[in-house]
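Data block below; observations after.
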Amino acid sequence: MKHIVVLTGAGISAESGLSTFRDNNGLWTEVNAEELASIQGYRKNRAKVLEFYNERRKNLLMVEPNHAHKVLAELEKQYKVSIITQNVDDLHERAGSTSVLHLHGELKKVTGSNNPNDERCIKEMPLDQHIEIGVKAADGSQLRPYIVFFGENVPNMTEAKWICKEADIFVIIGTSLVVYPAATLIESVPWKIPCYIIDPGDFYKQDLCGFKHIKTSAVTGIDILKQKLAEL
């Protein structure tokens, strides 16, 4: 069974109604990322950061997986499919994908402030519940979102690289490859395997050497991808 590895970004979730971060109308044009999404900002004003992520958690309740999410899940009937996502939503899982690695954390989970990667502290928390100041994690530290803030290491990068090395087919959907270190994952992809990118944006040729560019949205491009896969 062929192994398809898919790297997804904000573009796939935007078509479900979730705001992107870096586009012209993205969240970072409206709010200060250093203030609300960095470890320094969290240490300076925990209440404000928690309020921001409580709003993101609430918004996630209002959206559903789109056609692109669902087709990726359906591909598991014919292929081994591993999804590596930069997104912190759970739309891939809700669509039915069974192998999803989150690089930047998960909105539906919380953890402790002392060591966010301490497995004792990581747990799921209903999205309609707010993370409040004074609520403690298992290690006694302030409960916080299970999100990789700017300024923190990305703990799942090593595993993501190994997954990419095992790919027979590699696909990028809805990311502009400007987020690091996630953008470096293409360097771990085996040479000369079929590679595709679904995104309406433009890319530098040197960044996508060997990639076939399906220059359209995720929900439209996913059906084009299905056809190309069938022709391999």
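FYI, it's all coordinate maths here, none of it is from the lab. Remember, predicted model here, so these are calculated numbers, not experimental data. Quick reminder, even Gly has a Cβ in these numbers, built from the backbone with ideal geometry, and neighbours come from all protein chains shown.
If you count, for each residue, the other Cβ atoms within 10 Å and average over each peptide, how do 6-12, 75-81 line up from highest to lowest? Before the final figure, lay out each step's value.
On the way: 6-12: 26.3, 75-81: 15.4.
Highest to lowest by the protection proxy: 6-12, 75-81.
When only C-alpha pairs under 8 Å and at least 6 residues apart count, what is the relative contact order of the chain, in percent?
22
In deg cm²/dmol and to the nearest 500, what is the mean residue ellipticity at 222 nm of the chain if only DSSP H runs of at least 4 residues count, each as -39500 (n - 2.57), divided by the residue total?
-7500 deg cm²/dmol
Kindly flag which residue pairs out of LYS80/LYS228; LYS136/LYS161; LYS108/LYS136; LYS2/LYS108; LYS108/LYS226 have an alpha-carbon separation exceeding 22 Å in this structure.
Numbers: LYS80/LYS228 17 Å; LYS136/LYS161 33 Å; LYS108/LYS136 17 Å; LYS2/LYS108 31 Å; LYS108/LYS226 30 Å.
Checking Cα-Cα distances, LYS136/LYS161; LYS2/LYS108; LYS108/LYS226 exceed 22 Å.
Counting only DSSP beta bridges with both residues in the chain, what percent are antiparallel, rounded to the nearest 5?
Working: 8 of 31 bridges.
Approximately 25 percent, going by the DSSP bridge assignments.
Using amide H atoms built in the peptide plane, which far-off residues or other-chain residues are under 5 Å from SER38 H to H?
Hits under the 5 Å cutoff: PHE150.
Placing +1 on the Cβ of each Lys and Arg and -1 on the Cβ of each Asp and Glu in segment 66-138, which of SER82, GLY134, PRO116 has its Cα farthest towards the positive end of the resulting dipole?
Toward the positive end, the furthest listed residue is SER82.
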